[in-house]
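Enquirer: A single structure is presented below for examination.
The values are calculated or read from the model by the stated rules, or taken from the named source; none is laboratory data. None of these values were measured; they are calculated from a predicted model. All Cβ positions, glycine included, derive from the backbone under ideal geometry; neighbour counts span all protein chains shown. In case anyone asks, the SASA skips ligands and DNA or RNA and just uses the protein heavy atoms, side chains included. Shrake-Rupley method; radii C 1.70, N 1.55, O 1.52, S 1.80 Å.
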Amino acid sequence: MLNKPVLVESLIVFIIVLCVHAVVWDRYSWCSVALAIQAFYVQFKWDRLLQLGGAVFQFRTSANSGLLPASMVIPLLGIAMKERCKSAGIVYFERYGIVVASTGMLVALFLSVIAVGITKPVPTNTCILTGVAGSIIIYTMKHSLTVSEVIEVLEVLLIFVYLSMILLYLLPRCFTPGEALLVLGGISFVLNQLIKRSLNVIEGRGDPIDFFLLVAVVGVILLGLFFTVLFIFMDSGTWISSLFFHMMTAVLGLGVIMPWLYRLIQRNPLFWLLQFLFQTQTRVYLLVYWTFLAASACGIVFYQNAKRSSESKKHQASTITRKYFHFIVVATYVPGLIYDRQLLYVAAVLCLAVFIFLEYIRYFRIKPFGQTLRHLLSLFLDERDSGPLILTHIYLLLGMSLPVWLFPRACAPKGILSGAGALVPYAGVLAVGVGDTIASVFGSTMGEIKWPGTKKTFEGTMTAIFAQIIAVALILIFDSSVNLNSSYAWILASVSLVSLLEAYTTQIDNLLLPLYLQIMFM
């Protein structure tokens, strides 16, 4: 029997795909439509495998596979980047947009082939659809990509395959297939770009802050893999293991990550970072303000844990309590977007590295703070944290930061896009910080009419749309760089579609919603 919420979620994704390609219809549009149709069929095979426990790895069981919404994100981002850079006349990034779209399609096809291959009996119709979609995509790639671009696509696909085998084995129940596609696909792109730029550093292409993002992400991932292998052979909870953890972190940081970054930016990374952070008085004010907000967030964690009484050990923080952190993140990002986006870019990278490092300390029970972090964060767990890692706060940070990191600065005159594209950096703030927060708060307190097949309410969704429109109006007032050029109908449609997707998706909305809103704005 077909799942009605999944059907509605798929319909919303199809509408978004058609909206994007209604604006720009070319040879890649056929590929996107074919990919969407085959992903729609294959995701039901994945759902059946998850229900029967027949999947190769252990995935998160509290949600459906999410293959269709995840499969379309990377291809649509690539196509949107291609069109933006084509209109700006930046050929290098136009070609890279094609590479991103092609790679996203092949990675999604790879997951589909796995599902079809392990389904018994073999689904004949789905196999035919997957074969037709694959043929269309490969034929288009053959007539669109150069030999070097084909090699780059295959490199990312190979990295994705190996990362999937390693991380999905080490981290059971942390992802759905769709979330694994997004997270591991993103890491694969980052790792491939870092290798490529490290080998061609003489060309001098790229901004130091881009290199900083690449090295930071790859560095913390390699750090985690190293300690995961190490602690197979020794108990991570002892003082000797904890001392070794901190010593090896310093060795890897100063002996590998810092020299790698030095090679890329051709200057001392620490001196560059300090100079960058304190370059202007505005940056100093922002750093002080963000420090205050970080202290406030820590205060909320300590206060909520202090309220936990001995007779309610299983007490969990309410939805409204968890949304306090969304309000704090909005208060963090909005001033950065208005006054200094480059500082926000670097600060978000640093914050991501710190969050992941603290999660390593919690997961491995590294003394002296590992057990304390386990106790403090257990209060804020929900059904999505069913694996060994707690990822919801990292997803929140990623959802707010990805539109800033993925903003095509090179393809925007003076770093600003016109029309709805001017709101691209605000996609995380609007979708997660405003829309998702307001929907949860008003839906849980005042909502009565539920969307069919879900726990989400009609009142919550409508309030979220209204709140995002008000937020767009406030952005127009306070950010003089935003010029929408009468694209209000497109903005309203984008916000409405993404809000409906929030009501029906069972994937990590903090990660999925900002990406779809960014695609629509671009």
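Enquirer: So, in the range 162-203, of the ones that are hydroxyl-bearing (Ser, Thr, Tyr) and in contact with a Phe, Trp or Tyr (Cβ under 6 Å, 6 or more places away or on another chain), which residue ends up nearest to residue 512 (Cα to Cα)?
Expert: Among them, the one singled out is 176.
Enquirer: Something else about it: Here are some conditions: (1) in contact (Cβ under 8 Å) with a residue 40 or more places away in the chain; (2) crowded, with 18+ Cβ neighbours inside 10 Å. Residue 386 meets all but one. Which one does it not meet?
Expert: (2)
Enquirer: Continuing with the same structure: With 56, 116, 100 as the choices, which residue is in contact (Cβ under 8 Å) with a residue 12 or more places away in the chain and surrounded by fewer than 18 Cβ atoms within 10 Å (Cβ to Cβ)?
Expert: 56
Enquirer: Is it the case that residue 365 is open to solvent by 40 Å² or more (accessible area, probe 1.4 Å) and on the phi > 0 side of the Ramachandran plot?
Expert: Here the answer is yes, as residue 365 does meet what is asked.
Enquirer: Please work out if residue 164 is small (Gly, Ala, Ser) and open to solvent by 50 Å² or more (accessible area, probe 1.4 Å).
Expert: Here the answer is no, as residue 164 does not meet what is asked.
Enquirer: Condition check: touching a Phe, Trp or Tyr at 6+ places or on another chain (Cβ under 9 Å) and either among the acidic types (Asp, Glu) or assigned to a helix (DSSP H, G or I) (or both). Does residue 244 satisfy that?
Expert: Criteria not met by residue 244.
Enquirer: Restricting the range 474-497 to residues that are open to solvent by 30 Å² or more (accessible area, probe 1.4 Å) and either basic (Lys, Arg) or assigned to a loop (DSSP other than H, G, I, E, B) (or both), which is modelled with the lowest pLDDT?
Expert: Within the range 474-497, the match that is modelled with the lowest pLDDT is 486.
Enquirer: Let me confirm something: among 157, 199, 184, 214, which residue is open to solvent by 10 Å² or more (accessible area, probe 1.4 Å), farther than 16 Å from residue 262 by Cα and of a type outside the set (Gly, Ala, Ser)?
Expert: 157
Enquirer: Scan the range 130-149 and give yes if some residue there is over 17 Å from residue 27 (Cβ atoms), over 29 Å from the mean Cα position of the chain (by Cα), at pLDDT 85 or above and open to solvent by 50 Å² or more (accessible area, probe 1.4 Å), otherwise no.
Expert: Within the range 130-149, one or more residues are over 17 Å from residue 27 (Cβ atoms), over 29 Å from the mean Cα position of the chain (by Cα), at pLDDT 85 or above and open to solvent by 50 Å² or more (accessible area, probe 1.4 Å).
Enquirer: Taking the condition part of a helix (DSSP H, G or I), open to solvent by 10 Å² or more (accessible area, probe 1.4 Å) and farther than 20 Å from residue 111 by Cα, does residue 33 pass?
Expert: No.
Enquirer: Would you mind stating whether residue 512 is in a helix (DSSP H, G or I), modelled with pLDDT of 90 or more, surrounded by 17 or more Cβ atoms within 10 Å (Cβ to Cβ) and in contact with a helix residue (DSSP H, G or I) (Cβ under 8 Å, 6 or more places away or on another chain)?
Expert: yes
Enquirer: May I ask you to verify whether residue 371 is open to solvent by 60 Å² or more (accessible area, probe 1.4 Å), polar (S, T, N, Q) and at pLDDT 90 or above?
Expert: For residue 371, the condition - open to solvent by 60 Å² or more (accessible area, probe 1.4 Å), polar (S, T, N, Q) and at pLDDT 90 or above - is not met.
Enquirer: Which condition number in (1) outside any helix (DSSP H, G or I); (2) under 18 Å from the mean Cα position of the chain (by Cα) is the one that residue 172 fails?
Expert: Against the list (1) outside any helix (DSSP H, G or I); (2) under 18 Å from the mean Cα position of the chain (by Cα), residue 172 comes up short only on (2).
Enquirer: Does the range 145-158 contain at least one residue that is in contact (Cβ under 8 Å) with a residue 12 or more places away in the chain, in a helix (DSSP H, G or I) and small (Gly, Ala, Ser)?
Expert: no
Enquirer: Looking at the range 112-130 only, could you name the residues that are farther than 14 Å from residue 40 by Cα and either out of contact with any helix residue (DSSP H, G or I) (no Cβ under 8 Å at 6 or more places or on another chain) or among the polar types (S, T, N, Q) (or both)?
Expert: 114, 117, 119, 120, 121, 124 - these are the residues of the range 112-130 that are farther than 14 Å from residue 40 by Cα and either out of contact with any helix residue (DSSP H, G or I) (no Cβ under 8 Å at 6 or more places or on another chain) or among the polar types (S, T, N, Q) (or both).
Enquirer: Kindly provide the set of residues from the range 379-395 that are in a loop (DSSP other than H, G, I, E, B), of a type in the set (A, V, I, L, M, F, W, C) and touching a helix residue (DSSP H, G or I) at 6+ places or on another chain (Cβ under 7 Å), ordered by number.
Expert: 379, 380, 389, 390
Enquirer: Within the set of pairs 6+ apart or on separate chains, which have a first residue in the range 323-352 that is open to solvent by less than 30 Å² (accessible area, probe 1.4 Å), a second that is not in a helix (DSSP H, G or I), and C-beta atoms under 8 Å apart?
Expert: Sorted first by the residue in the range 323-352, then by its partner, the pairs are 337/479; 340/280.
Enquirer: Have a look at 233, 226 and point out the one that is open to solvent by 50 Å² or more (accessible area, probe 1.4 Å), in contact (Cβ under 8 Å) with a residue 24 or more places away in the chain and under 27 Å from residue 372 (Cβ atoms).
Expert: Of the residues listed, the single one that is open to solvent by 50 Å² or more (accessible area, probe 1.4 Å), in contact (Cβ under 8 Å) with a residue 24 or more places away in the chain and under 27 Å from residue 372 (Cβ atoms) is 226.
Enquirer: In the range 414-473, how many residues are open to solvent by 40 Å² or more (accessible area, probe 1.4 Å), touching a residue at least 40 places away in the same chain (Cβ under 8 Å) and not in a loop (DSSP other than H, G, I, E, B)?
Expert: Adding up the residues that qualify gives 2.
Enquirer: Something else now. Kindly indicate whether residue 87 is of a type in the set (Ser, Thr, Tyr), surrounded by fewer than 18 Cβ atoms within 10 Å (Cβ to Cβ) and touching a helix residue (DSSP H, G or I) at 6+ places or on another chain (Cβ under 9 Å).
Expert: yes
Enquirer: Another question, if that's okay. Which one of the conditions (1) touching a residue at least 40 places away in the same chain (Cβ under 8 Å); (2) of a type in the set (Gly, Ala, Ser); (3) open to solvent by less than 10 Å² (accessible area, probe 1.4 Å) does residue 78 fail to meet, given that it meets all the rest?
Expert: Status for residue 78: all satisfied but (1).
Enquirer: Identify, by number, the condition in (1) surrounded by fewer than 17 Cβ atoms within 10 Å (Cβ to Cβ); (2) touching a residue at least 12 places away in the same chain (Cβ under 8 Å); (3) of a type outside the set (A, V, I, L, M, F, W, C) that residue 47 doesn't meet.
Expert: It fails just one condition, (1).
Enquirer: So, in the range 257-286, how many residues would count as being in a helix (DSSP H, G or I) and closer than 30 Å to residue 198 by Cβ?
Expert: Residues that pass the stated criteria total 19.
Enquirer: Run residue 289 past the list (1) touching a residue at least 12 places away in the same chain (Cβ under 8 Å); (2) under 15 Å from residue 346 (Cβ atoms) and report the number of the one that doesn't hold.
Expert: (2)
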